[in-house]
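The values are calculated or read from the model by the stated rules, or taken from the named source; none is laboratory data. In this text, all values refer to a predicted model and were calculated from it rather than measured experimentally. Glycine also receives a Cβ, built like all others from the backbone with ideal geometry; neighbour counts cover every protein chain displayed. Ligands, DNA and RNA are excluded from the accessible area calculation, which covers all protein heavy atoms including side chains. Shrake-Rupley method; radii C 1.70, N 1.55, O 1.52, S 1.80 Å.
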Amino acid sequence: MLAALRHVHCWIFDLDNSLYPASANLFELIDIRMGEYIQRLLACDPVEARRVQKSYFHEHGTTLAGLMAAHGVDPHDFLAYVHDIDLARISADPALVAALDRLPGRKFVFTNGDEAYASRVLDKLGLANAFDGLHDIHAMDYVPKPNPNAYAAMCARHGIDPSRALFVEDMARNLEPAKALGMTTVWVDNGSERGGHGADPSFIDYRIGDIGSWLTEILGKDA
């Protein structure tokens, strides 16, 4: 293990555009489903649905949070609909699977998605049994990253000591609350939408392009 990271006992990973490449663009499929949902909900055309979707995403952290606040949308209904997508665009990365298997300590997924969707994605990535737990949007009480309460609740729920934890995320702004708690932070700078928005070296310890390659590098040769 890289000497600077030997203190890390808990490894926390974002899911979408982090554990699989942003180029897979699953959000394109989810976007379509979101648009359909909003069109049906508000009886509007696709252009207005797109405007609503993106404005809520930027103002509330997720489109869901905006829809709940403005329209009282049932989160279970929304998430079941928008995540009903074909996952053929993603597949297992042998380097990532092997590196996570070698990684010492506990491993968690921290996602603004829901557990049902995350479980499907992890299974497709060959990572169904790679993690010790998952903290999803339901566990956050629908207040998503980067709200600091989501991070504190995750640590409390799973008994995580932030000073011995590392968080990997493609949305740079989502690293700031983790750093404030004392976590080591890793930004996956892979071209995801608005991934670099709010990026600041003051709360980013490592900047990488691919998790599997980086983990393989820091772990060194397998004895």
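A few notes on this one:
- Once you reduce the range 146-210 and the range 61-98 to the center of their Cα atoms, the two points are 20 Å from each other.
- D (Stokes-Einstein, µm²/s), Kirkwood Cα radius, the range 1-127, 1.002 mPa s at 20 °C: 131 µm²/s
- In the range 26-83, the ratio of gyration radius to Kirkwood radius, Rg to Rh, stands at 0.91 when only Cα atoms are counted.
- Pairwise FRET efficiency - residue 143 versus residue 28, Cβ, R0 = 22 Å, nearest 0.05: 0.25
- Estimated from helices alone, the mean residue ellipticity of the chain at 222 nm is -12500 deg cm²/dmol (sum of -39500 (n - 2.57) over DSSP H runs with n ≥ 4, per residue).
- Residues of the range 76-134: accessible area per residue with a 1.4 Å probe, Å²: 45 Å²
- The fraction of accessible area contributed by carbon and sulfur in the chain is 50 percent, rounded to a whole number (1.4 Å probe; ligands and nucleic acids excluded).
- Cα-based helix-to-principal-axis angle, 148-158 vs the chain, degrees rounded to 10: 60 degrees
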